[in-house]
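Structure record follows, encoded as structure tokens.
The values are calculated or read from the model by the stated rules, or taken from the named source; none is laboratory data. Bear in mind that the values here come from a model prediction, so they are computed numbers and not experimental data. Using ideal geometry, Cβ is built from the backbone for each residue, glycine included, and neighbour counts are taken over all protein chains shown. Ligands, DNA and RNA are stripped out before the accessible areas are found, and what is left, the full protein with its side chains, is counted by its heavy atoms. Shrake-Rupley method; radii C 1.70, N 1.55, O 1.52, S 1.80 Å.
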Amino acid sequence: MKGEVTKVFFGGWYQRTTLHLSEVYSFLSEGTSDLNLSKEKLKTLHENLGLVKVSREAGYLEYVRAITNEGIEIKYYEDGLYVFGLVSSDIEGARLILENFYDKRFAPAIAYIFSLGAPTPKELANIKTIHPIAVGVVDLKPNTYEVNERLYGKVYSSVGDEDLMVKKTGRYIFLIAKPKETEFLEGLIEMQIFFREFKDQLQKYLNIHRNLWEEISEIKERKVIKGQEVEKVRLQLDAYQKTINLISSRINQMGSYVHTRADISKEMKLTEHLANMFQYKFDVLTNTHGYIKEIWVMTSNYLNAAIQVIADIKAQTTNKSIQSLQLITTYGVVGGIIGYLSKDSLPKITVNGLIFFALLILATFAVNKMVSFGYSRSKYKLKFSERVKNI
């Protein structure tokens, strides 16, 4: 349609703070970092971005704004939301440019400056980043705008009025607004990206919970375990515990970001549009987050119970090995004392005595190995507490 202006957006979200924003600004503006990172690599990564303008700006949230020599506009907010935009009438071509810039230049650079410290939520959850593609269209008559279904897929949802329309295809979301609503339009796109990313992380954490629960249940269902398998199972459970602790901490951090975005949405008068056009409600997001938090508390408790059972079995095998060594040592000492008491002269070191002593050590070692092997082949019952069913 003549007179329209099309801008293609995509973005993502990680939990960040204003401290991280300062690091991003330092890198994007000067190619530097206060951390112990390679200056040469920082310089190379910075030059690869091809930035022509970088500024730190204030809005509802503080953010870093940058422009590349291809005309890509980058907005990186203090809460971790990042949005890329490119004005172009060639929507598919713009999408490819943005994805290529992010995958090959921007993502490696940001990953490097944040490479020290605890893993990011997406690294923890092994979340593959698939950025939402949104197309913002400024047009005089939004309700008459038609999406080229041959190029962008069949429109399965169309909601809006004469001022703002939202049309969804399998891969794209088109938001069409009048010129006076341009800022409003970009605010909606940013919130839509935040919602999708937030929900994707929670969904992934829910899936990880299910997988971990089933793997712990498999150990529980075995009923018995061989002594030689105890250490292997314990290491496996320790690895689960490390993952659960890290993810639990990240999940606990997420709640504050929802409240911040909810407040911004109210100030920008986006809340009603988000609910009507995207079925996005901050209360629902908060409730989902609370549910996932409780699920991870249950998972942690379930894992700790399994670890305690395995630890008790490991203690049993260790105690039995110690008891066998004590028994062998006692027999040796008693036998030696009786031998010395039966002689009428002081003992002398002889070749035969040394040979006998060496054979005694070898025999003790062999017997202990045999005892340890026997305990390792022994089977131990796994006794987990069961939930009460007749209540």
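Checking Gln203 against (1) in a helix (DSSP H, G or I); (2) open to solvent by less than 50 Å² (accessible area, probe 1.4 Å): exactly one of these is not met. Which one?
(2)
Within segment 1-11, is even one residue acidic (Asp, Glu) and modelled with pLDDT under 95?
Looking for residues that are acidic (Asp, Glu) and modelled with pLDDT under 95, one finds at least one in segment 1-11, hence yes.
State all residues of segment 166-191 that are under 21 Å from Asn148 (Cα atoms) and open to solvent by less than 20 Å² (accessible area, probe 1.4 Å); if no residue qualifies, say none.
Within segment 166-191, Val166, Thr169, Tyr172, Phe174, Leu175, Ile176, Ala177, Leu185, Ile189 qualify.
Within the set of pairs 6 or more residues apart or between chains, which connect a residue that is on the phi > 0 side of the Ramachandran plot and of a type outside the set (Phe, Trp, Tyr) inside segment 55-79 to a residue that is assigned to a strand (DSSP E or B) and open to solvent by less than 50 Å² (accessible area, probe 1.4 Å) with Cβ atoms less than 7 Å apart?
Gly71/Leu86
Give Gly136, Gly170, Gly160, Gly153 a once-over and let me know the one that is small (Gly, Ala, Ser), touching a strand residue (DSSP E or B) at 6+ places or on another chain (Cβ under 9 Å) and at pLDDT below 85.
Testing whether each residue is small (Gly, Ala, Ser), touching a strand residue (DSSP E or B) at 6+ places or on another chain (Cβ under 9 Å) and at pLDDT below 85 leaves just Gly160.
Can you name the residue in segment 47-66 that is within 29 Å of the chain's Cα centre (by Cα) and among the hydrophobic types (A, V, I, L, M, F, W, C) and is also modelled with the lowest pLDDT among such residues?
Leu61
Check Val147 against each of (1) surrounded by fewer than 19 Cβ atoms within 10 Å (Cβ to Cβ); (2) modelled with pLDDT of 85 or more; (3) in a loop (DSSP other than H, G, I, E, B) and name the one condition it does not meet.
That leaves (1) as the condition not met.
Is it the case, given these coordinates, that Asn319 is modelled with pLDDT of 70 or more and either part of a helix (DSSP H, G or I) or within 23 Å of Leu81 (Cβ to Cβ) (or both)?
Spelling it out, it is not the case that Asn319 is modelled with pLDDT of 70 or more and either part of a helix (DSSP H, G or I) or within 23 Å of Leu81 (Cβ to Cβ) (or both).
If you scan segment 100-131, which residues turn out to be touching an Asp or Glu at 6+ places or on another chain (Cβ under 8 Å), modelled with pLDDT under 90 and closer than 15 Å to Phe10 by Cα?
His131, the sole residue that qualifies.
Examine segment 252-262 for a residue that is among the hydroxyl-bearing types (Ser, Thr, Tyr), closer than 23 Å to Tyr77 by Cβ and at pLDDT below 85, and state whether such a residue exists.
No.
So, of the residues in segment 22-61 that are of a type in the set (Val, Ile, Thr) and farther than 12 Å from Tyr76 by Cβ, which turns out to be surrounded by the fewest Cβ atoms within 10 Å (Cβ to Cβ)? Please lay out each step first, then the result.
Of all residues in segment 22-61, those of a type in the set (Val, Ile, Thr) come to 24, 32, 44, 52, 54.
Still in the list and also farther than 12 Å from Tyr76 by Cβ: 32, 44, 52.
On the way: Thr32: 15, Thr44: 13, Val52: 11.
Among them, the one singled out is Val52.
Sort out which residues of segment 206-229 are aliphatic (A, V, I, L, M) and either open to solvent by 40 Å² or more (accessible area, probe 1.4 Å) or within 18 Å of Tyr302 (Cα to Cα) (or both), and write them in order of number. Break it down stepwise before answering.
The initial filter retains those residues of segment 206-229 that are aliphatic (A, V, I, L, M), namely 206, 208, 212, 216, 219, 224-225.
Within segment 206-229, Leu206, Ile208, Leu212, Ile216, Ile219, Val224 meet the criteria.
Does Phe106 meet the test of being part of a helix (DSSP H, G or I), touching a strand residue (DSSP E or B) at 6+ places or on another chain (Cβ under 8 Å) and under 17 Å from Arg16 (Cα atoms)?
The answer is yes for Phe106.
Among the residues of segment 72-96, what is the count of those that are open to solvent by 40 Å² or more (accessible area, probe 1.4 Å) and either of a type in the set (Asp, Glu) or in contact with a strand residue (DSSP E or B) (Cβ under 6 Å, 6 or more places away or on another chain) (or both)?
The total comes to 5.
Identify the single condition in (1) open to solvent by 10 Å² or more (accessible area, probe 1.4 Å); (2) more than 21 Å from Thr17 (Cα to Cα); (3) touching a residue at least 24 places away in the same chain (Cβ under 8 Å); (4) assigned to a helix (DSSP H, G or I) that Ala239 does not satisfy, given that it satisfies every other one.
Ala239 satisfies all of (1) open to solvent by 10 Å² or more (accessible area, probe 1.4 Å); (2) more than 21 Å from Thr17 (Cα to Cα); (3) touching a residue at least 24 places away in the same chain (Cβ under 8 Å); (4) assigned to a helix (DSSP H, G or I) except (3).
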